[in-house]
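The values are calculated or read from the model by the stated rules, or taken from the named source; none is laboratory data. These numbers come from a predicted model, not from an experiment. In this analysis, Cβ positions are derived from the backbone assuming ideal geometry, glycine residues included, and neighbour counts consider all displayed protein chains.
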Amino acid sequence: MDKWREILNKRELPSIDENKKRQSIEILKMKIANTEITVKESYFEKIKRYIPFMSKITFLFQFILLLVGILVIKSMNFEKTRLILSLVMPILAFLQIMELEKSFKYNMYEIEMSCKMDLKELISIKLIINTFINLCIMTVFAVMTGTHFEQESYVLILYFLVPFMITNVANILTMRLLKNKSNEIVNMTIMLLINAILFKINIKFPSVYETSSVLVWLGLLIITVFYFIKAVYQFYEEEDDYIWNLQ
């Protein structure tokens, strides 16, 4: 062991040029400063990160509509319940499109956290979150109504989904045609028009619900879902620039 220690002690370390050492360190610092640090984030993680920045007012109105629907189910007959809950669907779609269109118009409170995303990506995340919440509200209505009045819940879901999807298609098309502008009046007009049609059908032609086959409603749903997906796809395929805070 002493022999090996003696050999090691006699071994001379190579000399290091201090100037080259400092130059190498400076070059390394410059490269680190200019290196863009990227964090890979899944789409689900982006959605989860965005949820705290959703409009609390929109959540509040959705919750109020949920409570109103539950009270209606408990206090009215089936025909009035079906009418009122059907009228709630375009209102939910209206709240949803208002949340999406904020991205075109305001100095939004979520810009700081979402500047890593392009505007289309942010709108898609808001669309997913709002659609999920609205579908949950619809499901609660359908299950409670079906249980309370001994009706088929899946049929009620069709009654609610069809006007909801029709309103969504009209709203997405409006957003495509009138993007970067204030569309509240147009979207509210669409909501009121669809609600007026639903009201007239429920009051004047209630047989539409009693005599129509489930397949007819299912067909209407498939058509509206198809056009909704098509409208959303065309929206995201457009080559137009989507710029923050144009106003």
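Picking from ILE172, ILE203, which residue would you name as being out of contact with any Asp or Glu (no Cβ under 9 Å at 6 or more places or on another chain), surrounded by 13 or more Cβ atoms within 10 Å (Cβ to Cβ) and β-branched (Val, Ile, Thr)?
Being out of contact with any Asp or Glu (no Cβ under 9 Å at 6 or more places or on another chain), surrounded by 13 or more Cβ atoms within 10 Å (Cβ to Cβ) and β-branched (Val, Ile, Thr) holds for just one of ILE172, ILE203, which is ILE172.
Might you let me know whether the stretch 100-118 holds any residue that is farther than 24 Å from ILE223 by Cβ, surrounded by 22 or more Cβ atoms within 10 Å (Cβ to Cβ) and modelled with pLDDT of 75 or more?
The answer is yes; a qualifying residue exists.
When you scan the stretch 169-247 for helices (runs of 4 or more DSSP H) that lie fully inside it, which ones turn up with 1 or more residues that are modelled with pLDDT of 80 or more and closer than 27 Å to ILE125 by Cβ?
Numbers: elements: 184-204, 207-211, 214-237.
Result: 184-204, 214-237.
So is VAL162 within 17 Å of ILE84 (Cβ to Cβ), touching a Leu at 6+ places or on another chain (Cβ under 8 Å) and modelled with pLDDT of 85 or more or not?
Values: within 17 Å of ILE84 (Cβ to Cβ): yes; touching a Leu at 6+ places or on another chain (Cβ under 8 Å): yes; modelled with pLDDT of 85 or more: yes.
Yes.
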